[in-house]
Amino acid sequence: MILLSTLLLSLFLTITLIPVSRKVAIRLHGMDIPDERKVHPYPMPKSGGIAMAMGVVIAVLIWAHGDQFVRAVLVGAGIVVVFGAMDDFKGLGYKAKFAGQIGAALVVILYGGVKITSLGMLLPGDMLLPGYVAVPLTLLVIVGVTNAINLADGLDGLAGGISLLSFICMGYLAVRLGNMGVALLSVAAIGAIFGFLRFNTYPATLFMGDAGSQCLGFLGITLCLGLTQGNTPLSPLVPLLLMGFPVLDTVTVMLDRIHHGRSPFKADKNHLHHKFMRLGLYHTEAVFVIYILQALLVTAAFVFRYYSEWLLLFVYLVFSGCILGGFFIAHKTGWKVPRYHFVDTVIKGRLRVLREKQLIIKVCFRLLELGTYSLLLFTCLVPAHVPGYVSWLTLPLIAAVVAARVFKRQWMGGALQLSLYLFIPFVIYLSESNMASWMQNPLVRPYNLSFGLLALVVILTLKFTRRTKGFKVTPMDFLILFIALVLPNLPDPEIRSYNMGLVTAKIIVLFFTCEVLIGELRGQLNRLGLATVGALVIMSVRGFI
């Protein structure tokens, strides 16, 4: 429950602080101004990273304020965020930015004890590196990866999405190894990224800025090293796979600049995401392809986490060779991503006709609304027993929804989101960990299948809706679906024994569904409010009884 509380607190703190940080950025002129190498057409506030950092720090300090490693990481991340924010708002030279990154790295090295002392079987006899080698090597790696994530932040949702996949793997491995410091920091970062990505997926309304991208890079590499160095069965080369895509991007673009006689720090449009777009991919398609590539690397890190370092290095080199070789061949031959007339004209044209007639959206929306209410209420009956603390939790949520309905209807949407997002994880967790006997065998499979069917109805609703504002399908939603599909099927006995993957998938589906439903109801929230209060009352009464 500590991890779940940290995740939710970080998520909601980030969502709450983002509007404030946006106003501050606009007032202090912390805007990303378009130029010839930028892909966004309008000035954009770049203060989302500050909200993310505050969400992580506050959520972690509640539970792990006494851990020296955690304190060191938070202090180092704070230094990176301060220097990044100064660069976002006032502008800093690369020397000042490097000074801040070096200072942050020295904090986690000297105070937090993070050092690369082992390269596993890459060195003869598993030899450990002496301090005079380990410290500068660690410093170089931390500063390098911090900048790699910063440089990868070139498309809406890109840096956040690839970091999210890495933190999910790190968090899971940390839980398995009992490393609660790394687990808490990873979970807090996951919550902050989820909260931020809703504002940053294409078309973005907010950027994370250097403060956010450098913070993610710094957290990512320090947590990787804290997890894989020292007394651990994990291969010390796991970080190479977890952070491998932005590292590959940074190394190739800097070598290309040096080869052409330019400064390696002079920005250009030769990053891998730019190359994908030059092949003919649209903005969202390029982001989605990079998500897939990062997911492959993260999956490889998970599968080969106990294998030889030579094997991990070979996997990464083959992956890198395929990417770079593919771009080289495409450049030499002039190959572009084909656009098929049948897909772009025939299929999309017929879907456009159906959209104009509004037949499918009417059916899908009714199924979505009825399915959400039914599944939410039914899930409240699935747990065999409801703890008393859940009853006390539901009372203020009931009061919030009722008060918004009676006194301030324009707050109804916010009250429902707050209540549902706090309530859903508890009811799903209880339904899986404490399932009633009458649900066993005949009903459990159809019940689980109903979540998949609801997700399908949501996707169809989003596809055919005529609404132009609010919730839209973005690469983040494909990322959510990927997580929901992969986690329940990981080949790990502990995940399967505790149904951790299934719990996560169900929570994500219901979050996803409620957000879409609130948008599609267009302010007509009475029925959703009634269903929400009904579910809360059921759980409250069951807990007290």
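The values are calculated or read from the model by the stated rules, or taken from the named source; none is laboratory data. Because the structure is a prediction, the values reported are computed rather than measured. Note that we place each Cβ from the backbone using ideal geometry, even for glycine, and neighbour counts take in every protein chain shown.
Checking each residue in segment 380-392 for being under 11 Å from Leu536 (Cα atoms) and buried (at least 19 other Cβ atoms within 10 Å of the Cβ) picks out Cys380, Val390.
A quick yes/no check of all residues on (1) in a helix (DSSP H, G or I); (2) at pLDDT below 85; (3) of a type outside the set (A, V, I, L, M):
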| position | (1), (2), (3) |
| --- | --- |
| Trp411 | yes, yes, yes |
| Ser419 | yes, no, yes |
| Phe423 | yes, no, yes |
| Pro446 | yes, no, yes |
| Gly452 | yes, yes, yes |
| Leu460 | yes, yes, no |
| Arg467 | no, yes, yes |
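Considering segment 262-307, the residues that are of a type in the set (Ser, Thr, Tyr), modelled with pLDDT of 90 or more and part of a loop (DSSP other than H, G, I, E, B) include one that is surrounded by the fewest Cβ atoms within 10 Å (Cβ to Cβ), namely Tyr306.
Specify which of the listed residues (Val108, Val114, Val141) is in contact (Cβ under 8 Å) with a residue 60 or more places away in the chain, closer than 14 Å to Pro236 by Cβ and touching a Gly at 6+ places or on another chain (Cβ under 7 Å). The conditions single out Val114.
With respect to the conditions (1) at pLDDT below 80; (2) part of a helix (DSSP H, G or I); (3) not aliphatic (A, V, I, L, M), Ser10 falls short on a single one, namely (1).
Taking the stated definitions as given, is Thr379 among the polar types (S, T, N, Q), in contact with a Phe, Trp or Tyr (Cβ under 9 Å, 6 or more places away or on another chain) and either within 25 Å of Gly519 (Cβ to Cβ) or at pLDDT 85 or above (or both)? Yes. Residues in segment 308-336 that are surrounded by 12 or more Cβ atoms within 10 Å (Cβ to Cβ), without any contact (Cβ under 8 Å) to a residue 60 or more places away in the chain and not in a helix (DSSP H, G or I): Trp335 only. Are any of the residues in segment 524-531 in a helix (DSSP H, G or I), at pLDDT below 60 and not polar (S, T, N, Q)? Within segment 524-531, not a single residue is in a helix (DSSP H, G or I), at pLDDT below 60 and not polar (S, T, N, Q).
From (1) assigned to a helix (DSSP H, G or I); (2) of a type in the set (Phe, Trp, Tyr); (3) at pLDDT below 80, pick out the condition that doesn't hold for Phe471. Of the numbered conditions (1) assigned to a helix (DSSP H, G or I); (2) of a type in the set (Phe, Trp, Tyr); (3) at pLDDT below 80, the odd one out for Phe471 is (1). When each of Asn147, Asn231 is tested for being polar (S, T, N, Q) and in a helix (DSSP H, G or I), the lone residue that passes is Asn147.
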